[in-house]
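The values are calculated or read from the model by the stated rules, or taken from the named source; none is laboratory data. Because the structure is a prediction, the values reported are computed rather than measured. Cβ: placed from backbone, ideal geometry, glycine included. Neighbour counts: every protein chain shown.
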Amino acid sequence: MKKFTKPLVLLSLVLVLILTFTGCSNKTTGANKGGTSQSTDDGDSVENGLSGTINIVGSTSVTPMAESLSEEFSKLNKDVKMNVQGVGSTAGIKASIDGTADIGMSSRNLKDEEKSTGIREYTIAYDGIVVVVHPNNTVSDLDMETIQKIFKGEITNWKDLGGKDEEILIVSREDGSGTRGAFEEILNLQEKDSSGNTLSTIKKDALIADGNGSVKANISRKENSIGYISLSYLDDTVKGLKVEGVEATVESIQKGEYKVSRPFFMLTMGEESEVVKEFLAFILSDEGQKIVGEKQVPVN
Amino acid sequence: MKLNRKKIYEKINERLLLICGLISIIAVLSITIFIFSKGIPAIKEIGLKEFIFGEEWQPTGGRFGLYPMIVGSLYVTLGAVMIGVPIGILTAVFISELAPKRVASFYRRLVELLAGIPSVVYGFFGLATIVPAIDLIFGGGGNSLLAASIILGIMILPTVISISETSIKSVPMELREGSLALGASDIYTIFKVLIPAARSGILASIVLAIGRAIGETMAVILVAGNTPLIPKALAERIRTLTANIALEMGYAYGLHQNALFATGVILFVFIIVLNILLMKFNKKVGENK
């Protein structure tokens, strides 16, 4: 036993020392880095010599677009670090209010209690929500009222819509999801109860998938299913339906012809740093809106 | 001098171990305190009876009925136990008593491998194979109580097998010899002598398996369908307590978020009850020896 104690103590001491020293050295190199990078900024500044980090947190629907915007922005400003995290609209709004994120992303309109915090909203794009079915489904065009009836559970068989004699399987999103909130709002799938709470009227036994990708995965495997996803997630594993004869495309949403669409917001709180200001200006510039236009609908 | 130094080393060593021990205690305590401090106010606001027995879950609309999820968790766990435990125990018997040595060690490796597969892989496997199969047979989409039970049944196999096997193996040789000497067959010996003798260990493995099944999240979310309704058939969709937290965590704020912590409180109570049961079994195992 005695034989072992000495090496053990030595080993643990060494470990502790290593830990403390690496901790220190990391800090010092970090500080050095900051110092040197700042000084080089003044020397060979790229464009306007911006540097810093922008944390963007929020809606999973806005995330793909925010990522390509960030990528382009950091190409122009090499010293700016961009972190984009898709965690959901509500979490994004919360993060920008309490300051854990520099910019919040939301794909739904803000509630009054959220607006009252003094948060600033920038409409950066519009998004279409596409009603999707399995590619083998013969139905290809529905009007708003029919979609509403399907999701309420008033129409339950595809044969009533000119399809096969099969029960309609509804795929929806979890409570609180921005896409779900917007979909319910636009299609009037909500009702108020006696105490003023807003309740969803989407059929209660709907399959709940967590995220746009998961909705797509479920729909592409079930021929009798119907669901809704953000336009930026649409690909050929599922079939997007026309709504009242209009296909969901960038042009149709911009013209206001496609009805199931909603705004995307970037949110800031308190004083905006120089980098954040520049980034927001970049998003709304022609260049930024061109990137937006690749998948979503630009503001103008 | 030398002795003194050794004493100091000894002291430092003891302290180090103490600190390591404290870290885990602090972790457990802070998690417990955090969950309860967030969850209890929510339960108070909603009302314990409404929270546990309410049948409607729609947090954005002020409906916080957790009953479907509690039932869902219990059903899924029961289903997993019904599928996983018999297979697990019989596999354990096979490995420890009947299989030739090389086959047995091969089997053990496989079981270890099964334990090492990440749960999201189980879930994805289930979504791609079991869910369509159930859709084909029963209809209704396939994401169901049955699918979740099958996946969890497979996931608890390693726990059941390895602990049962250890306890069957630790049955004294004399019992086997005695039974065989009296003219009993191998199978008779296994089922009438070995399994009863190893009962406590096997029960402990079942309790641990229940703990694993009730706590599993990712795999369940992928295959269960997550509908917050009480299931009336095997092919119907369900949502478990863990899935409820994980699904809505990203979107929740205010009372909704605290209600999810309160869901955690209910889960916590489940786990504590299980641990108390486990402790009782462990005591019995100790008494047997």
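Checking each residue in the stretch A:156-171 for being crowded, with 17+ Cβ neighbours inside 10 Å and more than 9 Å from chain B (Cβ to nearest Cβ) picks out A:Trp158, A:Leu161, A:Gly163, A:Ile168, A:Ile170.
Determine whether the stretch A:135-151 contains at least one residue that is assigned to a loop (DSSP other than H, G, I, E, B), more than 14 Å from chain B (Cβ to nearest Cβ), of a type in the set (D, E, K, R) and surrounded by 14 or more Cβ atoms within 10 Å (Cβ to Cβ). No; the residues of the stretch A:135-151 include none that is assigned to a loop (DSSP other than H, G, I, E, B), more than 14 Å from chain B (Cβ to nearest Cβ), of a type in the set (D, E, K, R) and surrounded by 14 or more Cβ atoms within 10 Å (Cβ to Cβ). Test A:Gly181 against the criterion of being part of a helix (DSSP H, G or I), surrounded by 22 or more Cβ atoms within 10 Å (Cβ to Cβ) and facing chain B (nearest Cβ under 9 Å), and give yes or no. In short, yes.
Among what's in the stretch A:71-107 and is assigned to a helix (DSSP H, G or I) and in contact with a helix residue (DSSP H, G or I) (Cβ under 8 Å, 6 or more places away or on another chain), pick the residue that is farthest from B:Glu248 (Cα to Cα). Even if it seems obvious, please write down each step before you answer.
Kept after step one, since they are assigned to a helix (DSSP H, G or I), are these residues of the stretch A:71-107: A:71-76, A:89-97.
Then drop every residue that is not in contact with a helix residue (DSSP H, G or I) (Cβ under 8 Å, 6 or more places away or on another chain), which leaves A:72-73, A:76, A:89-90, A:93, A:97.
Working: A:Glu72: 32, A:Phe73: 32, A:Leu76: 37, A:Ser89: 12, A:Thr90: 10, A:Ile93: 15, A:Ile97: 20 Å.
Among residues in the stretch A:71-107 that are assigned to a helix (DSSP H, G or I) and in contact with a helix residue (DSSP H, G or I) (Cβ under 8 Å, 6 or more places away or on another chain), the one farthest from B:Glu248 (Cα to Cα) is A:Leu76.
What is the number of the single condition among (1) away from chain B (no Cβ under 11 Å); (2) of a type outside the set (Val, Ile, Thr); (3) part of a loop (DSSP other than H, G, I, E, B) that A:Asp175 does not meet? In the conditions (1) away from chain B (no Cβ under 11 Å); (2) of a type outside the set (Val, Ile, Thr); (3) part of a loop (DSSP other than H, G, I, E, B), A:Asp175 misses (1) alone. Considering the stretch A:67-76, the residues that are surrounded by fewer than 20 Cβ atoms within 10 Å (Cβ to Cβ) and touching a residue at least 60 places away in the same chain (Cβ under 8 Å) include one that is farthest from the other protein chains (Cβ to nearest Cβ), namely A:Leu76.
For the stretch B:206-233, how many residues are assigned to a loop (DSSP other than H, G, I, E, B) and either facing another protein chain (nearest Cβ under 8 Å) or under 16 Å from the mean Cα position of the chain (by Cα) (or both)?
Filtering the stretch B:206-233 down to residues assigned to a loop (DSSP other than H, G, I, E, B) leaves B:216-217, B:226-233.
Checking which are either facing another protein chain (nearest Cβ under 8 Å) or under 16 Å from the mean Cα position of the chain (by Cα) (or both) leaves us with B:216-217, B:226-229.
Residues that pass the stated criteria total 6.
Conditions (1) modelled with pLDDT of 90 or more; (2) within 14 Å of B:Leu78 (Cα to Cα), marked per residue:
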site	(1), (2)
B:Gly140	no, no
B:Leu146	yes, yes
B:Met155	yes, yes
B:Pro158	yes, no
B:Ser167	yes, no
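Among the residues making up the stretch A:57-66, those that are touching an Asp or Glu at 6+ places or on another chain (Cβ under 9 Å) and either surrounded by fewer than 16 Cβ atoms within 10 Å (Cβ to Cβ) or within 14 Å of another protein chain (Cβ to nearest Cβ) (or both) are A:Val57, A:Ser61, A:Val62.
Only one of B:Thr77, B:Thr60 is of a type in the set (Ser, Thr, Tyr), within 12 Å of chain A (Cβ to nearest Cβ), in contact with a Ser or Thr (Cβ under 9 Å, 6 or more places away or on another chain) and touching a residue at least 12 places away in the same chain (Cβ under 8 Å); which? Outline the logic, then answer.
On the way: B:Thr77 fails: within 12 Å of chain A (Cβ to nearest Cβ).
Just one listed residue meets the conditions, B:Thr60.
Look through the stretch A:77-121, keep the residues that are within 14 Å of A:Ile54 (Cβ to Cβ) and within 14 Å of chain B (Cβ to nearest Cβ), and return whichever of them is surrounded by the fewest Cβ atoms within 10 Å (Cβ to Cβ). The residue in question is A:Thr100.
Can you tell me which residues in the stretch A:117-143 are within 21 Å of A:Ala182 (Cα to Cα) and more than 23 Å from the chain's Cα centre (by Cα)? I'd like the intermediate steps shown before the answer.
Filtering the stretch A:117-143 for residues within 21 Å of A:Ala182 (Cα to Cα) gives A:119-133, A:141-143.
Within the stretch A:117-143, A:Asp141, A:Leu142, A:Asp143 qualify.
Give the residue, chosen from B:Leu180, B:Leu113, B:Leu175, B:Leu136, that is surrounded by fewer than 21 Cβ atoms within 10 Å (Cβ to Cβ), free of Cβ contacts under 8 Å to residues at least 40 places away in the same chain, part of a helix (DSSP H, G or I) and within 14 Å of chain A (Cβ to nearest Cβ). Walk me through how you get there before you give the answer.
Working: B:Leu180 fails: within 14 Å of chain A (Cβ to nearest Cβ); B:Leu113 fails: within 14 Å of chain A (Cβ to nearest Cβ); B:Leu175 fails: within 14 Å of chain A (Cβ to nearest Cβ).
Matching residue, one of B:Leu180, B:Leu113, B:Leu175, B:Leu136: B:Leu136.
Scanning the stretch B:234-254 for residues that are of a type outside the set (Gly, Ala, Ser), assigned to a loop (DSSP other than H, G, I, E, B) and either out of contact with any Lys or Arg (no Cβ under 8 Å at 6 or more places or on another chain) or surrounded by 21 or more Cβ atoms within 10 Å (Cβ to Cβ) (or both) gives B:Leu234, B:Glu236, B:Arg237, B:Arg239, B:Thr240, B:Met249, B:Tyr251. Across the stretch B:267-289, not a single residue is classified as within 27 Å of B:Val28 (Cβ to Cβ), touching a Gly at 6+ places or on another chain (Cβ under 7 Å), more than 14 Å from chain A (Cβ to nearest Cβ) and not aliphatic (A, V, I, L, M).
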